[in-house]
Amino acid sequence: MYYPATEIVSTVMKYNFNEIEAKWQKYWAENQTFKAENLSEKPKFYALDMFPYPSGAGLHVGHPLGYIASDIYARYKRHKGYNVLHPMGYDSFGLPAEQYAIQTGQHPAVTTEANISRYREQLDKIGFSFDWSREVRTSDPSFYKWTQWIFIQLFNAWYDHDAEKSRPIVELVAIFEKEGNQTLNAACDDDTPAFGAQAWKEMSEDDKERMLLHYRLTYLADTEVNWCPALGTVLANDEIVNGVSERGGHPVVRKKMTQWSMRISAFAERLLQGLDELDWPEPLKDIQRNWIGKSVGAQVSFKLKGHEEEISVFTTRPDTIFGVSFMTLAPEHELVKKITTEAQKAEVEAYIEATSRRSERERMADVKNITGVFTGAYVLHPFTGEEIPVWIGDYVLAGYGTGAVMAVPCGDQRDHDFAGHFGLPVPNIFEGVDTSEEAFADKEHTVIANSGFISGMGYKEASAKVIAELEKIGQGQGKINYRLRDAVFSRQRYWGEPFPVYYVNGLPKMIDAAHLPVELPEVEKYLPTETGEPPLGNATRWAWDTVNHTVVDKAKTDHKTIFPLELNTMPGWAGSSWYFNRYMDAGNTADFAAQDALNYWQDVDLYIGGSEHATGHLLYSRFWQKFLFDFGLVPVQEYARKLINQGMILGTSAFVYRLENSNVFVSKNLVGERAVQPIHADVSMVNASDELDMEAFRSWRPEFAEAEFELEDGRYIVGREVEKMSKSKYNVVSPDDICREYGADTLRMYEMFLGPLEQAKPWNTAGITGVHNFLKKLWKLYVAQDGLCVTHDKATADNLKSLHKTIKKVEEDIENFSFNTSVSTFMICVNELSAQKCHSREVLEPLVVLIAPYAPHIAEELWGLLGHESSVAYAPFPVFEEKYLVESTKEYPVSFNGKMRFTLELSLDLSREEIEKAVLADDRTQKQLEGRTPKKVIVVPGKIVNIVG
RNA sequence: GCUCGAGUGGCGGAAUUGGUAGACGCGCUGGAUUCAAAAUCCAGUUCUUUCGGGAGUGUGGGUUCGAUUCCCACCUCGAGUACCA
C-alpha cells in the first residue's frame, strides 16, 4: 500500500503521546480506576512505596524509579486478578520546611502544601496507578492524631522479658503491689532502684509515677544526647554521619538533657530474630543485625580492694579471664570519683576534664591516640585473688555494657595497645601463640593455657566453665548485650507532631485520647526562645486546661487545673513508623484503622524504598509494629514481607574547561597538558553527542557572557562524569521535561531499561530515543496512517511463537523484579512482529495487556482503538501456552575443547549416538580435527556438542 | 580495620540450574529515501589478524569435556560501620 503526500496523515493516527497520556490520566482520575476496596472476594495485594518528604526542589528522574517498579508490579497484579492496594502520601513533617520558615517567615504548612501540590502534579504526569483516595500526610492533624494516640499507648506499656511482649502498665502496677520489682524480668533503665511490695505501697503518687517512668516503653529521662547547636536540636544516632549531622553537616556534641526516649532496646532480640523470616535484601538485614549488635558473653563482678562496691564488666571472652592484667573504666564511670586515691586525684580529674571537653568528632578522629590514667585503685581477681590495677581511658565507652572492661592485652588488640603504651604487663594465656607483638583474638583456634581450671580447653568449653564457676561464687553470670540504644524521641523543633503531654509537678501526664489531636500551635518565630526553650515556647496559646480539655492561653497556667504543655515535638520518624497501616483505612476517624480493614490487608506484600533507611525508619517501624501487635492492634508483627531497595540514579555531569586566568573555554580533547579549571555546565545545554550549545552557555550566567571557545571540528565537546544527581552539580534531569518531550510511557520504560532495579546506575538522556522509537514501532503494529490496521487474520506459527515467548519471559521477569530485561523482551517481540508484518488481532490484543503495566497510556489507547470500552487495567493477563514454543529442531553449537566453532541444525528427536554421528560426519568437524581422532565426544541432547581432542 | 556488594565492548547492560559471551538499546560507520535536513528503513560494529584463524568477562591459580557462572589467593571500586570489650 502506498499513501500519497503527508496532509492526510491525521494527528490522531500518529503516536501523539502528549494527547494520549493527558486523556488517560484524566480518565483514571474521573473513573477512580485504581480505587481499592477494603472488602473483596479477590485475593489482596499491597504494593507500597516509601512515601517522600515533599522538598522544595521537586522530583528529579531518580525519585520515581522505585515508584515505577512498584506501579508495574501493582498493575501486573491487577491483571492477575488481585485486589491491589497501591497508595501514596507524604512524610510532610521535617527540617527543611522549618529551616525555610526560619529564613523567610513563611509558615511550614504553607510551603509544605505548595511542595505537595508540585509533587502531586509531577507524579500524576508519570501515570501511576495510585489510589489517591487514601493519601496520607503525616503533618495533617487527622493523621498525627493517631501518631499521638500510639504514643500514649506506648507510654501506658512496659516490656516483660519473660513473656517476651509488651504489656499494659496497669499490670505492672499490680505486680509492684504484690511483689515489688525484684522478681520481675522487665526492660527498664539501668539505674532503676529495687523495692518490695511494701515500699511500693508507701511511695507517694509522684514517686510511683517516677518509678513507672523507668519501665514505660516511652519515657522521660535525663539522657546523654547528641546535641547539634547549629540545628538547635538533638539527633538520633542514625541522623549522625561521621560525627556530624546528616542534614547540613553540622558538629554534634554530647549533652545531658531531659528527653523522651523510646525503649526500642527492649525489642532488640525480637527485632533480630524477626529478620530471619523477612524476604528483604541480605545486605540490608546485615546492616540491621550489625546495628542491633548482639554479643553473647558474661557479666563479671570484680571486688574492689578497700571498698564495698564492686566493678562489673561485660566480656565476650570469659575464657580469657586469667589473662586480665588491668581494668579500664570509662572516664564517666560512676565509681571513678570514689575509688581514685588521693595521690592520683589531680591527674584523674584533669583527664576527665580533658576528655569531656572533646567532641564526639574529635574522639572519633583520634582513635590512634592512646590516653588514660591510673586511678590508684585495685580490684581482686575472682579466682586468683591477684590485685589488678584500675585505670580509666576514653577507649572505653560509658554507654556500652557496664562502661568498664576487664583488659586482656594478650587477647584484645585495644587492651594490648593500651598495655604497650603504659608499660603494663601482657601475660599470655594461649597455647602455642606469641602475643608479645599483637593480641590473639581468634576464638576458633584458641587453646587456653596458664589458666587454672580451664587450661587446655577451647573457647566454648572454657567460657561455659568460667561462667559456671562465677555463678558458684556469686561474681558473675552469662549475659547478652546489645549495641542497640534506646532512641531519643524529642526534638527541639517546631514542624513536628506535638506531644499529647502536659506537666503536673514536673511529671508528664497524657492527655486523654478522646481529646486528640493536640494541634500544633501558631508561633511568632520558629527559633528557640531567648531562654533556650524549643520553638513551641514561643506559642502564647500553649497550656492544657484539664477541666475543659482544651489548649488555652499560656498566661492562664495555674498548676491547679491548667498546666504547661510539652514544648518538644516528635522526630521525623514518628509518622513513618506506622503510616503503612493507615493506608488500609485512611479516612477512619474512630480508629487509626478499622480492625476488619487491618485483617483484610494484613501486611505489605511488596515494599520498595532506599537502603539508607536501614537503621532508621525500617528499624523503628518494625519496633512500633511489634508493639501494636503485642497490644492486639494489628494482626501481624512484621508489616513488610518483601522489601526491595531501588538503586540510586546518578547524574551525568558535563564539564567545560576554562584556561586558567582567562575567559577561554577549551574543547575537551584539546585540553592536553594545559592548566584548566573544569566547571560544571548545565546538562540541559549539552546534546547527545556531548556538544555544548555555546549560545545557551553564554546566556546561562553573566560571568560567561563573554566566553570564548576553542573548538574541535567546529564544535565544543564537554567532558562527562558520573556523580550524584544534584542541583549544585547542574546534572538534574526533571521527569516533567522527559514527559513533555517523549511521554510518560517512554520515561517509565527507560527508567526500567537502565539496568537492574537494585543497582546504582547513571542517567543519560541520550539513550532514551531507543525506548521511544520502540513505542513508535509498537504503535505502528496497530495503527497505519489511515487508521487502525489490525486484522482478523489467523496468526501464523511465527506470530504465536513471538507472542508466547514474550508472555513467558515477561511474566518471569516481573515475578523476579527484573524489569530491565522485560523491556528488551518487548523490543525483541515488536521487532519480530514488525518483520513478520503481523497485524493479527489474535496476537496484538494480548500484547496490549502484556505491555500495559509498563506503558499504561499507550496500552489504554490501543485497547480503546481495538474496540474495548473499559480500561485495560483489569483485563486478564495473557496465558502462556507451551505448545507454541515447541521446536522440532535445534541449532546445535558444536564446540572443540570448549570453544564453539560452528552450529549444526539437527532434529531434536535424535538420540545421543545419532547426534554424535551427524556431527562427526560434518565436513567442518573433520576440518577442525585436521585428521586427529577425537578423544571424547560430549553430547548433551537439546543443548550442546563438545568434541575433545 | 571489620562486614557486605560489584568488576563483561566506546557507553547502559544481557547470558534461568556450569553448555553458542556481548541479547536489547545508545553511540559510531556505511547505505537507501530526500533538493537538503529531520524522521524512517537496511547493513555493520569485542579485540586482533598474514582473513586460515587467534585471543577474550579485573589479575593469577584450581575443579570440569566445558567456567562470566563453582573453589582459592590477590587487585580495584562502591556501600555500611567505626574503639561495642
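The values are calculated or read from the model by the stated rules, or taken from the named source; none is laboratory data. All values derive from a computational prediction rather than experimental measurement. Glycine also receives a Cβ, built like all others from the backbone with ideal geometry; neighbour counts cover every protein chain displayed. The protein model used for the area step is the full one, side chains on, heavy atoms only, and it has no ligands, DNA or RNA in it. Shrake-Rupley method; radii C 1.70, N 1.55, O 1.52, S 1.80 Å.
A few notes on this one:
- Test: residue in the range A:677-691 that is farther than 22 Å from residue A:723 by Cα and either in contact (Cβ under 8 Å) with a residue 60 or more places away in the chain or out of contact with any Pro (no Cβ under 6 Å at 6 or more places or on another chain) (or both): no
- Number of the condition not met by residue A:825 [criteria: (1) in contact with a helix residue (DSSP H, G or I) (Cβ under 6 Å, 6 or more places away or on another chain); (2) open to solvent by 40 Å² or more (accessible area, probe 1.4 Å); (3) closer than 21 Å to residue A:80 by Cα]: (2)
- Residues of the range A:482-515 that are charged (D, E, K, R), more than 21 Å from residue A:263 (Cα to Cα) and outside the structural domain of residue A:210 (by TED's automatic domain parsing): A:493 alone.
- Listing of strands (runs of 3 or more DSSP E) fully contained in the range A:182-290 that carry 3 or more residues being surrounded by fewer than 19 Cβ atoms within 10 Å (Cβ to Cβ): A:218-228, A:253-262
- Residue A:167 touching a residue at least 40 places away in the same chain (Cβ under 8 Å), in a helix (DSSP H, G or I), farther than 30 Å from residue A:86 by Cα and open to solvent by 10 Å² or more (accessible area, probe 1.4 Å): no
- Flag for residue A:350 being away from RNA strand B (no atom under 12 Å from the Cβ) and surrounded by 22 or more Cβ atoms within 10 Å (Cβ to Cβ): no
- Residues (open to solvent by less than 70 Å² (accessible area, probe 1.4 Å) and closer than 26 Å to residue A:624 by Cα) located in the range A:473-493: A:481, A:482, A:484, A:486, A:487, A:488, A:489, A:490, A:491, A:492, A:493
- Test: residue A:462 is within 16 Å of RNA strand B (Cβ to nearest atom), of a type outside the set (D, E, K, R), closer than 19 Å to residue A:220 by Cα and out of contact with any His (no Cβ under 8 Å at 6 or more places or on another chain): no
- Hits in the range A:394-448 - residues which are within 13 Å of RNA strand B (Cβ to nearest atom), open to solvent by 10 Å² or more (accessible area, probe 1.4 Å) and at positive phi: A:401
- Residue check for residue A:518: in the same structural domain as residue A:372 (by TED's automatic domain parsing) and surrounded by 14 or more Cβ atoms within 10 Å (Cβ to Cβ): no
- Every pair of residues 6+ apart whose Cβ atoms lie under 7 Å, when the first sits in the range A:172-201 and is closer than 24 Å to residue A:399 by Cβ and of a type in the set (A, V, I, L, M) while the second is assigned to a loop (DSSP other than H, G, I, E, B) and open to solvent by less than 70 Å² (accessible area, probe 1.4 Å): A:186/A:215; A:187/A:263; A:194/A:181
- Unmet requirement for residue A:139, which otherwise passes all of (1) open to solvent by 10 Å² or more (accessible area, probe 1.4 Å); (2) part of a loop (DSSP other than H, G, I, E, B); (3) more than 30 Å from residue A:230 (Cα to Cα): (3)
- Residue A:470 meets the conditions (1) open to solvent by 10 Å² or more (accessible area, probe 1.4 Å); (2) under 30 Å from residue A:448 (Cβ atoms); (3) within 16 Å of RNA strand B (Cβ to nearest atom) in every case but one. The failed one is (1).
- Selected residue [in the same structural domain as residue A:384 (by TED's automatic domain parsing) and surrounded by fewer than 18 Cβ atoms within 10 Å (Cβ to Cβ)] from A:325, A:356, A:301: A:356
- Candidates are the residues of the range A:858-917 that are of a type in the set (Gly, Ala, Ser) and surrounded by 11 or more Cβ atoms within 10 Å (Cβ to Cβ); the one that is nearest to RNA strand B (Cβ to nearest atom) is A:895.
- Complete set of residues in the range A:324-347 that are of a type in the set (Gly, Ala, Ser) and away from RNA strand B (no atom under 11 Å from the Cβ): A:325, A:343, A:346
- Take the conditions (1) at pLDDT below 95; (2) part of a helix (DSSP H, G or I); (3) crowded, with 22+ Cβ neighbours inside 10 Å; residue A:100 misses just one of them, which is (3).
- The set of residues in the range A:352-401 that are over 39 Å from the mean Cα position of the chain (by Cα) and modelled with pLDDT under 80 is empty.
- Of all positions in the range A:336-346, none carries a residue that is within 26 Å of residue A:228 (Cα to Cα), exposed (fewer than 14 other Cβ atoms within 10 Å of the Cβ) and aliphatic (A, V, I, L, M).
- Top-ranked residue in the range A:601-628 [being at pLDDT 95 or above and open to solvent by 20 Å² or more (accessible area, probe 1.4 Å); ranked as farthest from residue A:284 (Cα to Cα)]: A:602
- Tally of residues being touching a residue at least 40 places away in the same chain (Cβ under 8 Å) and open to solvent by less than 70 Å² (accessible area, probe 1.4 Å) across the range A:771-795: 14
- Note on the range A:636-725: enclosed strands (runs of 3 or more DSSP E) holding 1 or more residues that are open to solvent by 40 Å² or more (accessible area, probe 1.4 Å), out of contact with any Leu (no Cβ under 8 Å at 6 or more places or on another chain) and at pLDDT below 85 are A:719-724.
- Of residues in the range A:842-891 being in a loop (DSSP other than H, G, I, E, B) and of a type in the set (D, E, K, R), the one farthest from residue A:127 (Cα to Cα): A:887
- Tally of residues being surrounded by fewer than 22 Cβ atoms within 10 Å (Cβ to Cβ) and either in contact with a Pro (Cβ under 7 Å, 6 or more places away or on another chain) or outside any loop (DSSP other than H, G, I, E, B) (or both) across the range A:740-755: 2
- From A:296, A:313, residue being within 13 Å of RNA strand B (Cβ to nearest atom), part of a strand (DSSP E or B) and surrounded by 15 or more Cβ atoms within 10 Å (Cβ to Cβ): A:313
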